[in-house]
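Okay, so here's the structure we're looking at.
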Amino acid sequence: MAFSNDFIWGVAGASYQVEGAWNEDGKGPSIWDTYTQQRQSPVRSHENGNITCDHYHHMKEDVALMAELGIRAYRFSISWPRVIPNGTGEINAKGLQFYSDLVDELLKHNIEPLITLYHWDLPQAIYDRGSWLNPDIIKWFSEYTKVIVDALSDRVQYWFTINEPQIFIGLGYKAGVHAPFLKVSDRDLAVMTKNVLLTHGTAIRTIRANAKKTPKISWAVTGPTFEPENDSPEAIEEARNKSFEFNPHLYILSNGWWADPVFLGKFPEGAEEYFGPYFPSISAEEWDIIRTPMDFYGCNIYNSIDRDLDPKLANASRCGRPITAVPWPITPDVLYWSSKFFYERYKLPILITENGCANVDYVHLDGKVHDPQRIDFTKRYLRAYDRAASEGIPLLGYVYWSFMDNFEWGMGYDMRFGLVHVNYQTLKRTPKESSFWYKEVIESNGKKIWD
Ligand code: GCO
């Protein structure tokens, strides 16, 4: 057992996925609101986040439940359009108050707030002005960041700029399965990448310049890696290279495309040839901003990347393997390999900002939610993470996704990741068996995972 004594044990959620109250108390619309209000919402079963868990109105009850379950940290995101309805300009005092109250409530229960500034609910007004294609977004996001930091940094220490650029750009603008459901060209993706990277770097500077409590800052990127075929140095080297290389089809979802610029000051090899005249042109001054240092490396990890995508071979290697409800493969060792590879390459302590299991949970005849798959899943992943700790890789903590079931983006409500079950009709919360198990994991600082 190698987790440090101050290891952070947390749970996560995100504004659009849990809050509801989509048009209350002066909140402006986000791109997720706009698309899910259409008669034919592109989300599975045409579902939307209008009410979802109604966390906006159940916040105190939810925090009290976290405290009962022994949770030490809560990673949540701020809805930009709830605080600044038009994206820029006027501040919605009620929206800001909600987050201030949430922070107070968490601290009252000794739960550390971990704030994500952007978890995909872009103000519609910013989208209308060009979204990530418009370089003004860098300034607009920085202004929004300052509003939040001014209001909350007397009590908050942990900050995440953006959540998973791979996904909000990759699935939102390339694959067309997340808002705003577009498929744009590589040329546009290159422009967006540059603007996202500059937005991230500028936001770090804004936080550092304005925070009252000394901030600890990171981002939360998605971080799957390849696992080596065996433990030989050659196999490990091959997996390491594949985990960061430039692949023309998958670059937008990769680690190297987003993190190499930030830490190494360059895009991965092969990118410039691929983009030709559309390769992002970045001045020395802009590189400085993109490379603004962070304090740790926050990453969301659920599974490793399939080694070979050759369909002829795929049947043999994939057939019947364990999967979650999403369905993603269950690959526990990815927590070891990702932590190792990221630490070696980017030289920062690791915080797993999301990891978790979607399961087929429902309330059983005895009134309880039995979810042994989630317990087994989490135990396996934490064991692999523990291996990384025992090899001396600095690990700051583990944040389970998610605290409660919620709106799973394009997949709607069928996917349940929560430690707490939510009945979307009655809004009743029922802690699942896994939440009681996780409580013991926390109380034992991880020892419980070896039982
Ligand atoms: C993420 C997502 C979460 C998802 C979770 C499960 O950061 O990937 O932000 O919002 O709900 O990952 O897919």
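No lab work stands behind these numbers, since they all come straight from the coordinates. This one's a predicted model, so the numbers in the text were calculated from it and none came from an experiment. Methodologically, a virtual Cβ is constructed for each residue, glycine included, from the backbone with ideal geometry; neighbour enumeration extends over all protein chains shown.
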Principal axes first, then extents: for the Cα atoms of the range 384-432, list largest minus smallest coordinate on each axis, whole Å, largest first. 47, 25, 15
For a quick check: with amide H placed at 1.01 Å from N, whose amide H comes under 5 Å from residue 225's, ignoring anything fewer than 5 positions away on the same chain? 305
Among 183/266; 340/432; 379/448; 183/242; 213/340; 379/439, the pairs whose Cα-Cα distance exceeds 20 Å are 183/266; 340/432; 183/242; 213/340
Dipole magnitude of the range 277-377, debye to nearest 20 (Cβ charges: Lys/Arg +1, Asp/Glu -1, about Cα centre): 320 debye
Beyond 25 Å (Cα-Cα) in this structure, taken from 146/194; 174/216; 60/368, we find 174/216
Along the charge dipole of the chain, which of 444, 220, 388 sits closest to the positive end, that is, farthest toward it, with unit charges on the beta carbon of Lys, Arg, Asp and Glu (+1, +1, -1, -1)? 444
Modelled label-to-label distance, residue 24 and residue 185, 7 Å Cα→beta-carbon offset: nm? 4.5 nm
Rg and Dmax of the range 231-301, Cα atoms only, in Å: 13.9, 42
Can you give the convex hull volume of the alpha carbon atoms of the range 98-241 per residue, in Å³? 161 Å³
Which net charge results for the neighbourhood of residue 346, defined as the other residues with beta-carbon distances under 14 angstrom from its beta-carbon, given Lys and Arg at +1 and Asp and Glu at -1? +3
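So how much slack lies between residue 213 and residue 154, counting 0.36 nm per residue of separation and subtracting their Cα-Cα distance, in nm? Don't skip to the end; give the middle numbers.
Details: separation 59, 0.36 × 59 = 21.24 nm, distance 0.55 nm.
Result: 20.7 nm gained on full extension.
I'd like the Kirkwood hydrodynamic radius of the range 1-108, using the inverse of the mean 1/r over distinct C-alpha pairs, in Å. Can you show the working numbers first?
Working: mean 1/r = 0.0655 Å⁻¹.
That comes to 15.3 Å for the range 1-108.
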Sort 113-122, 368-377, 278-287 by the packing proxy (mean of other Cβ within 10 Å over each peptide's residues), most packed first. 113-122, 368-377, 278-287
Averaged across orientations, what area in nm² does the convex hull of the alpha carbons in the chain project? 21.2 nm²
Sorting 375, 430, 296 by the position of each Cα along the dipole of the chain (Lys, Arg +1; Asp, Glu -1; all at Cβ), the one nearest the positive end of that ordering is 430
Gain upon complete extension [residue 284, residue 143; 0.36 nm per residue less C-alpha separation]: 48.4 nm
For the range 44-89, what does the equivalent ellipsoid look like in terms of its semi-axes, each the square root of 5 times an eigenvalue of the Cα gyration tensor, given largest first in whole Å? 25, 17, 10
How would the range 155-301 be classified by its alpha-carbon gyration tensor: rounded, prolate or oblate, with rounded meaning a/c under 1.5 and the a/b versus b/c comparison settling the rest? oblate
Given only helices, namely DSSP H runs of n ≥ 4 each adding -39500 (n - 2.57), what is the per-residue ellipticity at 222 nm of the chain, to the nearest 500 deg cm²/dmol? -12000 deg cm²/dmol
Given Cα positions, please report Rg to Rh for the range 346-451, the hydrodynamic radius being the Kirkwood one. 1.02
